[in-house]
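Novice: I have a structure here, written as structure tokens, and I will follow up with some questions on it.
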There are 2 protein chains.
Amino acid sequence: MEITKIIDKKSKKQKLSKEEIEYFISGYVKGTITDYHASALLMAIKLNGMNKDETFYLTNAMLNSGKVLDLSNIGFTVDKHSTGGVSDTTTIALVQICASCGVKMLKLSGRGLGFTGGTIDKLESFEGFKTEIAIDKCFELINKNGACMVSASKDLAIADKKLYALRDTTATVESLPLIASSIMSKKLASGADAIVLDVKYGNGAFMKTKSSAIKLAKLMVDIGTKAGKKMDYYIDNMNEPLGYNIGNKLETYEAIEILSGKKGKLYEVTTRLASKCIALAKNISEKEALLEVEKVISENTALEKLKDIVASQGGSLELFDGLNLKPNYKIFAEKDGKLKKINVNKLGEIVGSMGASRQKLTDTVNYDIGLKTFHKLGEKIKKGDLLFEIYAKNRAQALKFSQAIRDCYTF
Amino acid sequence: MEITKIIDKKSKKQKLSKEEIEYFISGYVKGTITDYHASALLMAIKLNGMNKDETFYLTNAMLNSGKVLDLSNIGFTVDKHSTGGVSDTTTIALVQICASCGVKMLKLSGRGLGFTGGTIDKLESFEGFKTEIAIDKCFELINKNGACMVSASKDLAIADKKLYALRDTTATVESLPLIASSIMSKKLASGADAIVLDVKYGNGAFMKTKSSAIKLAKLMVDIGTKAGKKMDYYIDNMNEPLGYNIGNKLETYEAIEILSGKKGKLYEVTTRLASKCIALAKNISEKEALLEVEKVISENTALEKLKDIVASQGGSLELFDGLNLKPNYKIFAEKDGKLKKINVNKLGEIVGSMGASRQKLTDTVNYDIGLKTFHKLGEKIKKGDLLFEIYAKNRAQALKFSQAIRDCYTF
């Protein structure tokens, strides 16, 4: 086989075989196939596409480039994946809900980069919370608490990591088969028996339209099903932040509020996703699962579960006593109006650049930095209403970003 | 400017600006833009195309990446370019014809690679012929003989050299704007005032169809015209070798035969191209130019010109006394038939791999190796007719390739 011929085939819109795709991925990981071969092929895939079979072969080749976790000794496990958004603290609440309902989860998460936050950063705002835990210890924790939340191991789907870094700099991220195979190779490597996908669309999400989000979700469900997993998906829009808070500690606190029963869009999405996880694990209807979900929230079982898990992983429980942060600056409405549009992406970027997220992976984050919002799209606002609370390093930083934050709302 | 955004634009079928194209080329030559950025962009260009303006900007950016020759002190000069073929020794004959008619040429040529021969290799089959000559010495020779035939300088269109090597290994050669800008950047750097393009199509040429050859020719004429050059083109087919001989010394000898008046397809193409060169230089019609061409051939002026030029550049005149080579093996027709198809590409490849050309640029060539053919497409052949004479290293090599050579003819 020759990589130049494989690139040529895809550039002529021909289908690649399983063997050709495996040759590409294994050669790329070994280094016998160079970055410039890979980027040419990725561009050909972005422009000419891949069918479902090719996408499945690519996913499997990437999956097999690294370690694949075997969770069989802890019984049936479920995983949830979100394509990422702003003020999306679903995971932290969902894991406790599922565990409280007897559904086991080994939740592997990442850190924030750019405009999206990362669950690992949010968890670390419980002071002392450990996210680097050996797999045997994870199994112990799951047997004890029903779940465990840790950093994704670096040796899963190695090819995906190398390819993603290349895609990021060669404008080849936006491709359904490449996105689907990237996500699914990591999810399949994590070893769960069932996977629920949370695919977002809108101006704060990677997918801009609902139809493209559905297409991506269905492609990933197809891959997971072929790999023998139980699959489901949920589509929700990111034309506004999911919750009200943006920033690590603020979002973690909002997860505590959700588990305490605070209603709203974040509550709705979290409980729907949890119901899907439970339905798959228990072979019951989503409706039945939702009743279980509502019960563990209203009876505070899920909130107590979060406390148990945080304590088991070495984290401080201080945040459960209340949010001990003060805003440096508040922004009020200058006139009456109706909230017509929110630049979600920009809001995420601003908070990230204030120090809540990273520009590059080696940056450190400040858990206390963030932003509180108070309104959802379509709400009527009166002059003088509080629009934002800025939690910055200091008042000067808050002032510096205040106009840009204000500009993210269109009335 | 950011290369990732430029790649993204082209991947979305958007037009690149002059500044973006210049940023890409200068960054790529400096090394601030990597091979993997370039190959992704090249693939996007291959698949999404470039319009005439973009192609002109790309040509200019590559042209300006190296030295541009200034031939103004030797007066009006003409250049000819062929897209390459098998048994195409046009250049060696054409330069003498033009020089004999008072049309000046600084002919820069390359070496053979793969299935196509190179004029420089052919010229070196005149023992002692020098092809590496300093530019001032070239001017002297042109003033004396009207022409000079030398190796293309390595410092012309530097970006094109670097890009071409990358295209070759990333399946991005087949792209009209990339082919056109590659050829034209080198031609414009060579400094001639008029350029005649010989664009070939067919199974022995890069362009497979006549319409694609015409498209490429017109695109290059557009670029040259925009750059202020007088332009013309000629389309001819490569479904059979242009002449009868393949291999360096054999082809050089065929050029001598053409200048001695031997008619056929190679004579036809050579005289048509020479007429176009002369017509552009003298502002006369092609018909008038053709009369001049036929005169310098019939009166042996052009043949004498070749002797003068070979002698001036240090070459032996021995070949003018006759071809001193003997075939190692002859192939005869096994039955009656009509020559229906010739696998020209394959014939070129076989002769190349026998040692007449290079697999990589550092290989050496054997000037004596080659093949003589005796028929053109459509000719009736009788059992026992001589089909090929093989000029190999030895009889064993000739025997080894004889069946493959025979298979290139379909009756």
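The values are calculated or read from the model by the stated rules, or taken from the named source; none is laboratory data. Remember, predicted model here, so these are calculated numbers, not experimental data. Using ideal geometry, Cβ is built from the backbone for each residue, glycine included, and neighbour counts are taken over all protein chains shown. Surface accessibility is based on the protein's heavy atoms, side chains included, excluding ligands, DNA and RNA. Shrake-Rupley method; radii C 1.70, N 1.55, O 1.52, S 1.80 Å.
Novice: Only one of (1) aliphatic (A, V, I, L, M); (2) touching a residue at least 40 places away in the same chain (Cβ under 8 Å); (3) under 30 Å from residue B:136 (Cβ atoms) is not met by residue B:311, so which one is it?
Specialist: Failing condition for residue B:311: (2).
Novice: Another question, if that's okay. Contact list please: Cβ distance under 9 Å, first residue in segment B:64-75 and over 16 Å from residue B:181 (Cα atoms), second residue open to solvent by less than 100 Å² (accessible area, probe 1.4 Å) and basic (Lys, Arg), pairs at least six apart or on different chains.
Specialist: Every condition considered, the pairs that remain are B:71/B:104; B:74/B:104; B:75/B:104.
Novice: Out of segment A:364-378, which residues are under 25 Å from residue A:326 (Cβ atoms) and not small (Gly, Ala, Ser)?
Specialist: Of segment A:364-378, the ones under 25 Å from residue A:326 (Cβ atoms) are A:364-376.
Answer for segment A:364-378, where residues must be under 25 Å from residue A:326 (Cβ atoms) and not small (Gly, Ala, Ser): A:364, A:365, A:366, A:367, A:368, A:369, A:371, A:372, A:373, A:374, A:375, A:376.
Novice: Please enumerate the residues belonging to segment A:257-276 that are surrounded by 19 or more Cβ atoms within 10 Å (Cβ to Cβ) and touching a Leu at 6+ places or on another chain (Cβ under 7 Å).
Specialist: Residues satisfying the conditions are A:258, A:259, A:266, A:269, A:270, A:271, A:273, A:274, A:275.
Novice: OK, next. I'd like to verify a number: residues in segment A:59-72 that are surrounded by 17 or more Cβ atoms within 10 Å (Cβ to Cβ) and either assigned to a helix (DSSP H, G or I) or within 14 Å of chain B (Cβ to nearest Cβ) (or both), how many?
Specialist: Within segment A:59-72, residues that are surrounded by 17 or more Cβ atoms within 10 Å (Cβ to Cβ) and either assigned to a helix (DSSP H, G or I) or within 14 Å of chain B (Cβ to nearest Cβ) (or both) number 5.
Novice: Could you check, for segment B:149-165, whether at least one of its residues is hydroxyl-bearing (Ser, Thr, Tyr), within 14 Å of another protein chain (Cβ to nearest Cβ) and closer than 30 Å to residue B:31 by Cα?
Specialist: We begin by selecting, within segment B:149-165, every residue hydroxyl-bearing (Ser, Thr, Tyr); these are B:151, B:153, B:164.
Now restrict to residues that are within 14 Å of another protein chain (Cβ to nearest Cβ): B:164.
Now drop any that are not closer than 30 Å to residue B:31 by Cα, which leaves B:164.
So far as segment B:149-165 goes, yes, one or more of its residues are hydroxyl-bearing (Ser, Thr, Tyr), within 14 Å of another protein chain (Cβ to nearest Cβ) and closer than 30 Å to residue B:31 by Cα.
Novice: Read through the list (1) buried (at least 23 other Cβ atoms within 10 Å of the Cβ); (2) away from chain B (no Cβ under 14 Å), then give the number of the only condition that residue A:170 fails.
Specialist: Failed condition: (2).
This table checks each residue for (1) within 14 Å of chain B (Cβ to nearest Cβ); (2) closer than 30 Å to residue A:256 by Cβ; (3) open to solvent by less than 10 Å² (accessible area, probe 1.4 Å).
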residue: A:123; (1), (2), (3): no, yes, yes
residue: A:134; (1), (2), (3): no, yes, no
residue: A:139; (1), (2), (3): no, yes, no
residue: A:175; (1), (2), (3): yes, no, yes
residue: A:192; (1), (2), (3): no, yes, yes
residue: A:202; (1), (2), (3): no, yes, yes
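Novice: Hey, another quick one. Search segment A:1-58 for residues being under 30 Å from the mean Cα position of the chain (by Cα), more than 12 Å from chain B (Cβ to nearest Cβ) and among the acidic types (Asp, Glu), and hand back the single one that is surrounded by the most Cβ atoms within 10 Å (Cβ to Cβ).
Specialist: Checked segment A:1-58; the qualifying residue surrounded by the most Cβ atoms within 10 Å (Cβ to Cβ) is A:54.
Novice: So the check is Cβ under 9 Å with 6+ separation or different chains; which pairs have a first residue in segment A:1-16 that's within 21 Å of residue A:56 (Cβ to Cβ) and a second one that's open to solvent by less than 90 Å² (accessible area, probe 1.4 Å) and among the basic types (Lys, Arg)?
Specialist: A:15/A:9; A:16/A:9; A:16/A:10
Novice: Sort out which residues of segment B:229-243 are over 20 Å from residue B:108 (Cα atoms) and either in contact (Cβ under 8 Å) with a residue 60 or more places away in the chain or open to solvent by 40 Å² or more (accessible area, probe 1.4 Å) (or both), and write them in order of number.
Specialist: B:237, B:238, B:239, B:240, B:241, B:242, B:243, listed by residue number.
Novice: Where in segment B:108-192 are there helices (runs of 4 or more DSSP H), lying wholly inside it, with at least 2 residues that are over 27 Å from residue B:58 (Cβ atoms)?
Specialist: Because the criterion is at least 2 residues that are over 27 Å from residue B:58 (Cβ atoms), the helices (runs of 4 or more DSSP H) in segment B:108-192 that meet it are B:119-123, B:135-145.
Novice: From B:208, B:218, grab the single residue that is open to solvent by 40 Å² or more (accessible area, probe 1.4 Å), within 14 Å of another protein chain (Cβ to nearest Cβ), basic (Lys, Arg) and more than 15 Å from residue B:42 (Cβ to Cβ).
Specialist: B:208
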